[in-house]
Amino acid sequence: MRKIIATILLGAGILFATHPAQADNLSGEEILNRVKKATVAKDRKATATMTITDRNGRVQTRTVLFVTKGDSKLMATFQEPPDLRGVTFMTTKVDNMWIYLPTQARVRRISGSMVNQGFGGSDFSYKEMNNISSVASDKAVEKVEETTLNNKPTYRLTLKETDGTLSRLWIEKIAFLPLVIEKLDAKGAVKKRIQFGDFAQDDSIWTPRLIQIQDLNKNSKTEIRIMEFQLNTGIKDNFFTEANMKRGGR
Amino acid sequence: MLKWLGAKVSCNAWWVIGITIAITLVLAVFISRLRTEADLTKMLADNDPAVKTMAVVDSEFGGSTQVALLVEACDIFSPNVLYPLDTLIQAIKGLAGVLDIQGLTTLQDVKGIGDEIVITKIIDSIPKDQKRLQALRSEVLNDKRYRGVLVAEDGSSALFLIRLAPASNKEMVVKTIEKVVNNSSLRKNVSLSGSPALMKYMRDWMQADLKLLLPLAILVLAFILLISFRSGQGFLPLVAVLMAVIWTLGLIGLLGKPLTIVMVVLPPILVSVGSAYGIHILARFRQERNNGKTSIEAASRAVSNTGLPVFLAAATTMVGFAANMVSGIVSIRQFGLFSAIGVFFALVIALTFVPAVLSRWKIREDKSLNSPKKNESNRLGELFERWGVIVLRHRLKVIAPALVLVLIAGLFIPRVRSETDFVRYFKPNSQPTRAVQIIAERFGGELQFEFIIEGDIQDPELLRKMENFEKELKEIPHITHTFSIVDILRRTNKAFNGDRLEFELLPVKREEIAQYLLLLSFSDSDFLSDYVTADYRLARITARFDSEESQEIAMATKRINKLIAKHFANMAKVSVGGMPMAIERLHQNIQVSQIITLITALVAVFGLIACLFKSVGLGLVALTPIVLTLALNYGIMGLLKIRQDLVTATLGSIAIGIGIDYSCHLLARFLEETKNNRSLKLEIIPKTLTAVGPAILTNALAVGLGFAVLIFSSFMIIQTFGILIAETMLFSSIGALTVLVALLSWRIKNRR
């Protein structure tokens, strides 16, 4: 889930005021700073449809209301299918996660191996979310290249993860839009690919309304399509409480 | 035709020799491509229900093929064991082709601690001090979910189930696991089992068998040929049949077909059976040389005069072997095809290469024809002549004991049972057998039934049915543990409610189920995806079975099918798979195949003989010795409780195919003598026996001893097969030389 937030934040918070002529002389860190500035909105509300397709083509579709603040606070409330309506997941920082099940009318903190695994059966993991976050913060840039992707001039940054593995990030040169992230395994093969598309602008912030992630090892994919979103609505920190979880994040 | 062939071969001998050697060299190249295959499931057809279900388990649930790793120690919870064990398991987990490992140090569980839901390993971190280790020991051994499932009740052994990726090369993965184990300090404490490991051992032993049994069969045949012919010529049939073996194995390699455990017996069988054709040609050649013919004339006449019975013998053998092609078991079908082709090759080489070489054989060698061997051969012929006279006088006394024996044998035939328990393939004290027994005794077995439930898995009613089904499954003898999404949901409900035992129940509402499933989907996806698909349309139930016996699996399967009908009728579609089911399907197939192949072989051989001799009566008479042989063979199997298995399932048709040769040779010569001695009817039988009796005896000895080398196999089933087939050769040759002769003498008498 954090990954979703991060992905949305990353795509949504891009500043596009950078002058193209200056960009050519930017270092990797400077490019990431531009992206960082661009990716962080104060808060965000988005209703999205998440479509998970497993290796056998079996599909699950869920509609979720995401409420986020900063780069770590999230409340996700399931709206569809009806059996899951009202189930709410909340995280305030790494390893701090709760779930509310309406049928049990109880909130439970969840921990253990869950922390590093996928959200709701999707291909997004919390760890990946952290990695994506750090694309715009403390990730070590190994290499900066100028290239094209789908005929668009881009920077291709090779980033070193904290676990030593590499990832590649394509950033569109004009508006600093992240287009593709590829996660590499220890042997340098692509294990996951995240693509951003259908960008929309609001309050000077770009939001990718379509995010696709492919797990090339599991041969599964998850697609998030944002149907509507609001930015900088003034959500307070005390919104992220157990009581609000029970109210469905409204 | 045969006359023409004999003449052509003799005249163009060097061409024939050259071409035969060239083909042999070309096909020999492809022998290096041969690969062995020990996977039992591959012996079933792809459309077999058990195979189809396992394919669903592989595609939808990540696979069901598991290597069982058994660790034995004084105390598994001792730091000297637990630490290196954890290191070993982690090393195996990182290997290519290993999907996951279920065991003490790896298995996840849902726990409720206060207001927290924790999905974590059973042993999240190994305690460092003895006191905490002991606490862990008692915690694990007091939990019924782990005791006798992951750890033996006394804590002296642990079981890890290593799941392999469906697309992996399982043999290679097992080899790599073995390497990792051998590099571990626990190498003396660890044994591998489970179908991939057993199949790897089977494959290793098959390769060892192939290297041992063929040379042994060659040695035995060489010895028999040496004492029979006492001349360099005697080795010619051996050379010819080795060429046939090279052709056959080369063809199998060229076509990319695997050598299965059934096919392991093919080279020794070909050596034993195929040599007969060359022996008959050689024997006739020597007779012709004795009669003063030149080498070229003798070779030509050997083909024209012996060619027909040799062809007939080969044709009947081919038909007998090819009857296995109607079997439902892929490996038996392949054996039927390639053994028939092998016999055909042996025939072609015997009718071309052998006379070609003989036609160019130097005169010096032929001096052996006038050696004392000739006198010995004559003495044997005289003995058979006397036997012929006796049979003519006492035909009833010859037939009656055979009939009595068959009647007695008939009483035991219904006791013959089939068995596909592949652990029985190994010797009783071998490492694989021991590991299987320990796992069955301490952990409820390593075989696993797989059930695929197709329906709305979030429906509480269906889940309730699954729960009841599992409950009743456990009442079936030998089913020890079951597991499914029902168990996961019960544990989750308990965990969500503070781990209170009274909440270890299946949720009653659909929403509850859906929400728990969503909660679980936040965890390691394998935890859930091993037992239910992402769209909740398919669920998987596993049931461990602690016996490998086909009969017990068959009984369990019957009860399982009743339970499926009882619980899921009109509710969900259920299919059954897993290794026990594959064994059961093989078991059923063996029973059916055995009957079908026997009938097919008998009818085909009868038809062939009746057509060639243009007499239905002679066709029936020719079958008599082999029918008696079969009756005796199955009677012995029933009496000694020898089970029919994958290899012995081919025994009947092989016995028909080979055993009928003796009848054919005898019949052909009998008809020849009848034609030549119209006025001296009483001389027909003695002359027939004088002419072919020694050859039949030599051949039966060669074939019987050739098969007897199979007792040196690493596999029990091949050892048994070797003894049984040697015994059928003995019976069918004796039957031809006694009962068949008596019946033919009757025919002469009645025609007077």
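Put in line by how crowded their Cβ is, counting other Cβ atoms within 10 Å and starting with the fewest, A:LYS187, A:LYS218 read A:LYS187, A:LYS218. Work out how much length B:MET555 to B:THR294 would gain on full extension: take 0.36 nm times their residue separation and subtract the Cα-Cα distance, in nm to one decimal. Result: 87.2 nm gained on full extension. With coordinates expressed along the principal axes, the C-alpha atoms belonging to chain B extend over 108, 50, 42 Å, beginning with the largest.
How much length is gained on full extension from A:ARG225 to A:LYS143, taking 0.36 nm per residue of separation minus their Cα-Cα distance? Write down the numbers at each step before the final one.
Working: separation 82, 0.36 × 82 = 29.52 nm, distance 3.15 nm.
So the extension gain works out to 26.4 nm.
Taking amide H as placed 1.01 Å from N in the peptide plane, the amide H of A:ALA140 sits under 5 Å from that of A:LYS160, each at least 5 places away or on another chain. Projecting the Cα atoms of B:THR492, B:ALA554, B:GLN515 onto the charge dipole of region B:433-581 (Cβ charges, centred on the Cα centre) puts B:ALA554 farthest toward the positive pole.
Relative to the longest principal axis of the C-alpha atoms of chain B, give the angle of the C-alpha long axis of helix B:716-735, reported between 0 and 90° and rounded to the nearest 10°. With both axes taken from Cα atoms, the answer is about 30 degrees. Less than 5 angstrom separates the built amide H of A:SER220 from those of A:ASP215, all sequence-distant by 5 or more or on a different chain. Across the alpha-carbon set of region B:433-581, the Rg to Rh ratio works out to 0.99, Rh being the Kirkwood radius. Against chain B, whose longest principal axis is taken from its Cα atoms, helix B:295-322 shows a tilt of about 30°.
Here r is the Cβ-Cβ distance between B:LYS675 and B:LEU411 and R0 is 41 Å; the resulting FRET efficiency, rounded to 0.05, is 0.45.
Can you give the Rg to Rh ratio of the protein assembly as shown, both from alpha-carbon atoms, with Rh computed by the Kirkwood formula?
On the way: Rg = 37.8 Å, Rh = 33.4 Å.
Dividing the radius of gyration by the Kirkwood radius yields 1.13.
Since only B:GLY652, B:PHE353, B:VAL303 are under comparison, the one whose Cα sits farthest along the positive direction of the charge dipole of chain B, derived from C-beta charges on Lys, Arg, Asp and Glu, is B:VAL303. When each of the peptides A:72-84, B:557-569, B:264-276 is scored by the mean number of other C-beta atoms lying within 10 Å of its residues, the order from highest to lowest reads B:264-276, A:72-84, B:557-569.
Computed as a quarter of the hull surface, the mean projected area of the alpha carbon convex hull for region A:163-250 stands at 8.7 nm². Computed over neighbours whose Cβ is under 12 Å from that of B:CYS11, the net charge equals +1, Lys and Arg +1, Asp and Glu -1. Each Lys or Arg adds one and each Asp or Glu takes one away; over the other residues whose Cβ falls under 13 Å from the Cβ of B:THR176, this sums to +3.
Specify the inter-centroid distance of region B:297-362 and region B:635-650, based on alpha-carbon positions, in whole Å. Each part's Cα centre sits 28 Å from the other's.
Along region B:125-139 the Karplus relation, 6.51 cos²θ - 1.76 cosθ + 1.60 evaluated at θ = phi - 60°, assigns HN-Hα couplings of 9, 6, x, 8, 9, 4, 4, 6, 5, 5, 5, 5, 4, 5, 4 Hz to successive residues, with x for each Gly and Pro. Each residue of region B:463-479 was assigned a 3J(HN,Hα) from its phi angle through the Karplus curve 6.51 cos²θ - 1.76 cosθ + 1.60 (θ = phi - 60°); the sequence is 5, 4, 4, 4, 4, 5, 4, 4, 4, 6, 4, 5, 7, 6, x, 6, 7 Hz, with glycine and proline shown as x. Summary of the geometry: region B:47-65 and region A:62-106, compared by the centres of their Cα atoms, lie 36 Å apart. Taken as Cα centroids, region B:80-153 and region B:9-41 sit 56 Å apart, rounded to the nearest whole angstrom. When the listed pairs B:LYS562/B:LYS641; A:LYS73/A:LYS246; A:LYS69/A:LYS191; A:LYS160/A:LYS192; A:LYS152/A:LYS221 are checked against a 20 Å cut-off, the alpha-carbon distance exceeds it for B:LYS562/B:LYS641; A:LYS69/A:LYS191; A:LYS152/A:LYS221.
Could you tell me which residue out of A:PHE196, B:ILE711, B:ASN169 lies farthest along the dipole of the protein assembly as shown toward its positive end? Charges go on the beta carbon: Lys and Arg +1, Asp and Glu -1, centred on the Cα centre. Of A:PHE196, B:ILE711, B:ASN169, it is B:ILE711. Here chain B is treated with +1 on each Lys and Arg Cβ and -1 on each Asp and Glu Cβ, and its dipole about the Cα centre works out to around 4500 debye.
Gain on full extension, evaluated as 0.36 nm per residue between B:ASN169 and B:SER430 minus their Cα-Cα distance, stands at 91.5 nm.
In this label model, B:VAL616 and B:LEU640 are separated by 3.8 nm, measuring between points 7 Å along each Cα→Cβ vector. Taking Cα atoms only, the orientation of helix B:266-290 departs from the longest principal axis of chain B by about 0 degrees. Suppose the Debye formula is applied to equal point scatterers at every Cα of region B:132-188; what is log10 I(q)/I(0) at q = 0.23 Å⁻¹? One equal scatterer on each Cα of region B:132-188 leads to -0.91.
Under a 5 Å amide H cut-off, with hydrogens placed 1.01 Å from N, A:LEU166 pairs with A:GLU161, A:LEU184 among residues at least 5 apart or on other chains.
Which stretch or stretches of region A:141-176 have amide N atoms under 20 Å from the point lying 7 Å from A:GLN201's Cα along the Cα→Cβ direction? Label zone hits: A:152-155, A:171-176.
Peptides B:24-30, B:47-53, B:541-547 ranked from most to least packed give B:541-547, B:47-53, B:24-30, packing being the mean of other C-beta atoms within 10 angstrom over each peptide's residues.
Residue by residue, region B:491-497 carries 3J(HN,Hα) couplings of 5, 5, 4, 5, 5, 5, 10 Hz when phi is fed to the Karplus relation 6.51 cos²θ - 1.76 cosθ + 1.60 (θ = phi - 60°); x denotes Gly or Pro.
Please get the size of the charge dipole for region B:65-198, origin at its Cα centre, with Cβ charges of +1 on Lys and Arg and -1 on Asp and Glu, quoted in debye to the nearest 20. Present the calculation step by step, with values, prior to reporting the outcome.
Numbers: 16 positive and 15 negative charges, 65 e Å.
It works out to roughly 320 debye.
Set the Förster distance to 30 Å, then compute FRET efficiency between B:GLU382 and B:LEU2 from the Cβ-Cβ distance, nearest 0.05. According to the calculation, E is roughly 0.50.
Laboratory data are not the source of any read-out in this text; all were calculated from the coordinates shown. Since this is a predicted model, take the numbers as computed values, not measurements. Here Cβ is always computed from backbone atoms with ideal geometry, including for glycine, and neighbour counts include all displayed protein chains.
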